[in-house]
Amino acid sequence: MTPLFHYIPVVLSLLALLWACLLWLKWQKAYLGGLTALLLVIVVAQLMVATRVKEQETWSQLTLLATGLLCLLVVYLVERLTNVIVSGEEWNRETKADWLSLVNRAPFGYYQKDRNGAYSFINRQFSNWLEQTESSLIGKSDVDIFPEEIANAHFASDQQLLETGKMQESFEEIIQSQGEMVRLHLVKYPRFNASKETIGLQGVL
């Protein structure tokens, strides 16, 4: 008959498994699901080994105990890491919401374009100047919005900025939906990713 204390490591791993399950249900992270599955395999393996370990096999008993303690430690560290990740995600969401609220209430126009010249973001003031909705402009380029001559001028200016990476300041013309032309003071900057590669541009007018 297997001594009862041989199952102590199994109990420790089982606690780690239940802990991981609760974390998975709480945060719904894929890696927590993977950790839960791994711990389940470990618990089953420990049960199989525990039934075969003899009382004299001290090394095997210590190995099982170390495995159980390690499982608890891993889950603890994963929980701490996940707390940091979730806190960062919440901070990013709040920061983005604050930024969107600020830029959409600003009295100036603001937009972002990708390297192909397609609008990826437009604030409310800029869409009001164009007399079009923000959603209808996202994904479009100047050639879809302005007359060919103006669109080509915008494109050439954008390409020069992307090549040089330097700020540009100019006056550019915008045609409203009713055909009225508006001349606005425009300042454009390149946009960079975390690797400091140019991913597009942004303009304030």
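Since every read-out is calculated from the coordinates, none of them should be taken as a lab result. For clarity, every value in this text was computed on a predicted model and none was experimentally measured. Positions of Cβ are generated from backbone atoms using ideal geometry, with glycine treated the same way; all protein chains shown enter the neighbour counts.
Data overview
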| quantity | calculated |
| --- | --- |
| Segment 4-101 - charge dipole about Cα centre, Lys and Arg +1 at Cβ, Asp and Glu -1, debye rounded to 20 | 180 |
| With Cα atoms, 0 to 90° folded angle of helix 8-27 axis to the chain main axis | 20 |
| [x] -0.38, -0.65, -0.96; [y] -0.58, -0.72, -0.92; [z] -0.42, -0.70, -0.99, with the label sought being that of the calculated log10 I(q)/I(0) by the Debye sum over Cα atoms at q = 0.09, 0.12, 0.15 Å⁻¹ | [y] |
| Rel. contact order, % - alpha carbon contacts under 8 angstrom, at least six apart, the chain | 15 |
| Tensor-based shape of segment 89-205 (alpha-carbon gyration tensor, a/c under 1.5 rounded, otherwise prolate or oblate) | oblate |
| Proximal lysines to LYS26, defined as alpha-carbon separation beneath 28 angstrom and excluding residues fewer than eight positions away on the same chain | LYS96 |
| R0 of 35 Å, Cβ-Cβ distance GLU163-ALA97: FRET efficiency to nearest 0.05 | 0.55 |
| Check: segment 106-204 dipole with +1 on Lys, Arg Cβ and -1 on Asp, Glu Cβ, in debye | 440 |
| Under 19 Å from the Cα of LYS29 - aspartates and glutamates, other chains or at least 8 residues apart | GLU79, GLU89, GLU90 |
| The chain: most fluctuating residue of SER101, SER170, SER120 per GNM, C-alpha cutoff 10 Å | SER170 |
| Only Lys, Arg (+1) and Asp, Glu (-1) charged, at Cβ; the chain dipole about Cα centre in debye | 960 |
| C-alpha long axis of helix 30-50 to longest principal axis of the chain, angle in ° | 10 |
| Cα centroid separation - segment 150-205 against segment 82-132, whole Å | 17 |
| For VAL182, net neighbour charge (Lys/Arg +1, Asp/Glu -1) across residues whose Cβ lies under 15 Å away | -4 |
| Crossing angle, helix 58-105 versus the chain [Cα axis fit, 0-90 degrees, rounded to tens] | 20 |
| 222 nm mean residue ellipticity, helices alone, for the chain (DSSP H n ≥ 4; -39,500 (n - 2.57); rounded to 500) | -20000 deg cm²/dmol |
